[in-house]
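Read through the structure below, which is laid out as structure tokens, and then see the notes.
The values are calculated or read from the model by the stated rules, or taken from the named source; none is laboratory data. The structure presented is a predicted model; accordingly, all values stated were derived computationally and were not measured. Cβ sites come from the backbone with ideal geometry, for glycine too, and all protein chains shown count toward neighbours. Surface areas here come from the heavy atoms of the whole protein model, side chains and all, with no ligands, DNA or RNA. Shrake-Rupley method; radii C 1.70, N 1.55, O 1.52, S 1.80 Å.
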Amino acid sequence: MLRKRALYNDMSRYTCCAGYMPCSGKCGESKCPEFCLATEVFLCFGNSVASTRFLLQDEFNIQTTKCDNCIIGFMFCLQQVACIFSIVAAIVGSEELSEASQILSCLSDMVYCSVCACMQTQHKVEMDKRDGKFGPQPMQVPPMQQMSRIDQPVPPPAGYAPQPAYGQPYGAYPPPPAQGYPPPPAQGYPPAGYPPAGYPQAQGSSYPPP
């Protein structure tokens, strides 16, 4: 079912083990793809699951996580150890080694079946995402908040907020002066009309002095 979904329910695209094995394309898949798929799953279950995984990884451009690699590696190592114990028990003929090999074989089979089930669950989730079966999310993630940066033109105030100037709205900074400080005189010095007419002046003096 998962392989058929991975192929978009188009069995004309089916090849044995999704084209990742040497036997792919040489088993007459084009004549009866459903029968070939059933035979593949029944005889080569592990390769069938792995091939579906490779197919989806190539389609979605995703990689196996480090945790998955550790689990898969542990499964392979356990199978190899169980196989070695079985061979040694058959050669030596020890009942203790035979029992130990059977326990290891049972444990490796349990791990193998669990890992395959986890892989197939991952495959189904990825295809559910692809086919839009999850629907809209009921709650959205809040927008990302940005912290103040050092290169801001006006750094954020530390502690209490700045008090507004008289006549300014709250939180607004006073506008910069329109010209330099101090402002240049608007007219010559002294101003015209100074001193006023009729102002007594000392004899022999003029205003302003030379």
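Accessible surface of VAL92, taken over heavy atoms with a 1.4 Å probe and every protein chain present, rounds to 100 Å². Based on protein heavy atoms only, the stretch 1-44 ends up with 65 Å² per residue of surface accessible to a 1.4 Å probe. Projecting the Cα atoms of GLN63, CYS113, VAL88 onto the charge dipole of the stretch 60-133 (Cβ charges, centred on the Cα centre) puts GLN63 farthest toward the positive pole.
Computed over protein heavy atoms with a 1.4 angstrom probe, the accessible surface ordering of GLU96, GLU34, largest first, is GLU96, GLU34.
Using 28 Å as the Cα-Cα cut-off, could you pick out the over-long pairs in LYS31/LYS133; LYS4/LYS31; LYS4/LYS129?
Numbers: LYS31/LYS133 32 Å; LYS4/LYS31 16 Å; LYS4/LYS129 16 Å.
From the list (LYS31/LYS133; LYS4/LYS31; LYS4/LYS129), the Cα-Cα distance tops 28 Å for LYS31/LYS133.
A straight Cα-to-Cα reach below 16 Å connects LYS26 with the aspartates and glutamates GLU34, GLU40, residues fewer than 8 places away in its own chain not being considered. Accessible area per residue for the stretch 60-133, computed on protein heavy atoms with a 1.4 Å probe, is 69 Å².
On full extension of the chain, what length is gained from ASP10 through THR39, given 0.36 nm per residue of separation minus the C-alpha to C-alpha distance?
That works out to 8.6 nm of additional length.
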